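Written below as structure tokens is the structure these notes are about.
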There are 2 protein chains.
Amino acid sequence: MQPNPQGGADPGAAVLAVDVGGTDTKSALATGGSELLDVRRAPTDRPVGDGPDAAGDAVVAQVARLLAEHRAARPRTRIGAIGLIAPGLVDEAAGVGIYSANLGWSGYPFVERVAAATGLPVTFGHDVGAAGEAEFRLGAARGYADVVVTIIGTGVAAAIFSDGRRVSGGGYAGELGHASVPGGADCPCGASGCLETVGSAGAIARRYARSSGREVDGAREVFALAAAGDRLAAAVVDDAVRGLAYGLSHVVSVLAPEAIVIGGGLSAAGEQLRAPLQRSLDSLLSIHRRPRLLFAELGPDAGLIGAGLRAGDLLAGSGR
Amino acid sequence: MQPNPQGGADPGAAVLAVDVGGTDTKSALATGGSELLDVRRAPTDRPVGDGPDAAGDAVVAQVARLLAEHRAARPRTRIGAIGLIAPGLVDEAAGVGIYSANLGWSGYPFVERVAAATGLPVTFGHDVGAAGEAEFRLGAARGYADVVVTIIGTGVAAAIFSDGRRVSGGGYAGELGHASVPGGADCPCGASGCLETVGSAGAIARRYARSSGREVDGAREVFALAAAGDRLAAAVVDDAVRGLAYGLSHVVSVLAPEAIVIGGGLSAAGEQLRAPLQRSLDSLLSIHRRPRLLFAELGPDAGLIGAGLRAGDLLAGSGR
């Protein structure tokens, strides 16, 4: 890791939080809590060329440009560190993006390269891990020692906390979406039966479109159709709920969390998701410690908030 | 918890390790490593009467008697602490047996009562947790930070380590045997599809006896029959392997351990278990961190060794 050019030197400064996604990249300034300033969203830059570092280099260039834009927009705000998060497999301790099928990098040293390009100290984390950490420190998972924050959107993944500490598995933990469940189908990851193929927001929209022959505007519309009596939509939602309950029942058997916090796009379904999920999960449990099912509190920018918290830790001298 | 009558006062002493089982209770003296002295096995005392504390009280009385017997056998060995372990749900931090269906207690304060009966400092732990801790400190799991030790015998349970620390879930973690797998049947625990009904050593013997109409001497005989070409035995072993691989694939997705250590009675099957289990597990994984499948090294007394280690920690002042 690049030595932190200003590590711990500017505790009163703001930080730049950047959430690189498969389609869009979000950025904002943060000053310690859950409040974000100057939130921006722009298409994620495409790589130039196809060298092994092209995908990572595109992110570095975009972060440097966003830093300039945020500085220009708020010239009197000092930016003291950068918190970058991304999807895929992330080695947070080493500051390296292990692999992202979607964004195309493999073994890219983000902390080192972003620090070199910007002159600022940098943290690099997993998007779901950062959202989970934000919920753990400021949101629905606050006050629990053993808690799992599941983000259900395009995929299904989780940030796991045991005894108040993150369980990272070297960057590989929490991949609930790639565990097999009854009703799961072949998955682009190469395995079959993956929860993500039936229980993610993406799968709900795709499966309904396929069975009805009608395109929909995401899982939210499928939930609305199910509530209005559409049987195909109800069946797709049922399959998703059963798959999610099954996957979570294994999480409960293995980890016994006190609470499971549901975030991501699918959490917008509210009680229409929570009530049947609770029933389905309960039916799979016996001697287990039964977790509370809660919804995330910090909304779709939870990852950005978590990225800001980590960069803030760096400024305060308690982060990497 | 009872104050430790001699806590930290006698670091050169031996400890008494006691492993209370559903049928037999094992005991031994230990002095710090994996060596056990004066190993004894006796039927577990039945409770006298049926008061709410009868089951726990029977254990306390047996431990006090065993202490006297070990002292009589080795009059020149000072015994400075007791490490007690038991099955079921265990709150190790509070020193309480939460629940044991098999042995019949519920919310019994073992540390307090054994300390009061013997005048010695006491630790109380889960049998699988203690075996896992012994493998983690002295056996096959040594050197791994993220590792799962699975004990497959009458049941299927695991001790989980993340970043070198035990994941306990308040005493409820690691209950792999009570997670649903394809091919699982109704379970005495009240759930259905539990791994324990198909993948445990007990289930292998029972399922073969039922399908063949012939009693067998445990899972070991079923493995021997399968190796000798018995198709029913081979099918029962196949079902067990597939159930175990399925359960472990969820462990891998959730925790991403570097290694999974297999202990307990079923580990005696050796490569006849490991090779197909590895193949079956590999077929369920894709982007995951693939764990090494290893066998436990400390044998059937691993739990007793772990109980001794914990009691030793107490003497050394680093335990409870």
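Nothing in this text is a laboratory measurement; each read-out follows from the coordinates by a stated rule. If you're wondering where the values come from, they're calculated on a predicted model, not measured in any experiment. Neighbour counts run over all protein chains shown; Cβ positions are idealised from the backbone, glycine included.
Quick notes on this structure:
- Label distances, nm, A:Ala234 versus same residue in remaining copies, Cβ-directed 7 Å point: 4.7
- Between B:Asp57, B:Asp186, B:Asp146, the Gaussian network model of chain B with springs among Cα atoms under 10 angstrom shows the greatest mean-square fluctuation at B:Asp186.
- Closest approach of a chain A Cβ to the axis relating A and B (residue, whole Å): A:His250, 2.
- Proxy reagent accessibility, fewest Cβ within 10 Å first, across A:Leu89, B:Leu255: A:Leu89, B:Leu255
- Neighbour cut-off at most 13 other Cβ (10 Å), DSSP loop, trypsin sites (Lys or Arg not before Pro), segment A:152-254: A:Arg214
- Computed lengthening from B:Ala117 to B:Asp50, 0.36 nm per intervening residue step minus Cα-Cα distance: 22.1 nm
- Gaussian network model of chain A, Cα within-10 Å springs - most flexible of A:Ala219, A:Ala117, A:Ala302: A:Ala117
- Cα shape, segment A:140-296, gyration tensor, a/c 1.5 rule: prolate
- Fewest-first sequence of B:Phe124, A:Phe295, B:Phe136 by Cβ atoms within 10 Å of each Cβ: A:Phe295, B:Phe136, B:Phe124
- Overall, the anisotropy analysis places chain B in the prolate class: the square-rooted eigenvalues a ≥ b ≥ c of its C-alpha gyration tensor yield a/c not less than 1.5, with a/b exceeding b/c.
- At 7 Å out from Cα toward Cβ: B:Ser283 inter-copy label distances (nm, ascending): 2.9
- Along segment B:232-247 the Karplus relation, 6.51 cos²θ - 1.76 cosθ + 1.60 evaluated at θ = phi - 60°, assigns HN-Hα couplings of 4, 5, 4, 5, 5, 5, 4, 4, 5, 4, 5, x, 5, 4, 5, x Hz to successive residues, with x for each Gly and Pro.
- Gain in span if fully extended, A:Asp38 to A:Ala61, counting 0.36 nm per residue against the direct Cα distance: 6.3 nm
- With R₀ set to 30 Å, the beta-carbon distance separating B:Ala235 from B:Thr23 gives a calculated FRET efficiency near 0.55.
- Simple Cβ-charge dipole of chain B, Lys/Arg +1 and Asp/Glu -1, about Cα centre, in debye nearest 20: 400
- Shape category assigned to segment A:130-174 from the gyration tensor of Cα positions, a/c cut at 1.5: oblate
- Estimated [θ] at 222 nm from DSSP helical runs (n ≥ 4, -39500 (n - 2.57)) normalised by residues in the protein assembly as shown, nearest 500: -12000 deg cm²/dmol
- Copy-to-copy label distances for B:Arg74, where each label lies 7 Å from Cα along Cα-to-Cβ, are 6.6 nm in order of increasing length.
- Of every Cα-Cα pair in the protein assembly as shown, the percent that sits beyond 35 Å: 46
- GNM on chain A, alpha-carbon springs under 10 angstrom: the most fluctuating residue among A:Val18, A:Val261, A:Val216 is A:Val216.
- Between segment A:6-73 and segment B:273-299, the alpha-carbon center distance in angstrom: 40
- Inter-site label distance for A:Thr77 and A:Arg210 at 7 Å from Cα along Cβ, in nm: 4.3
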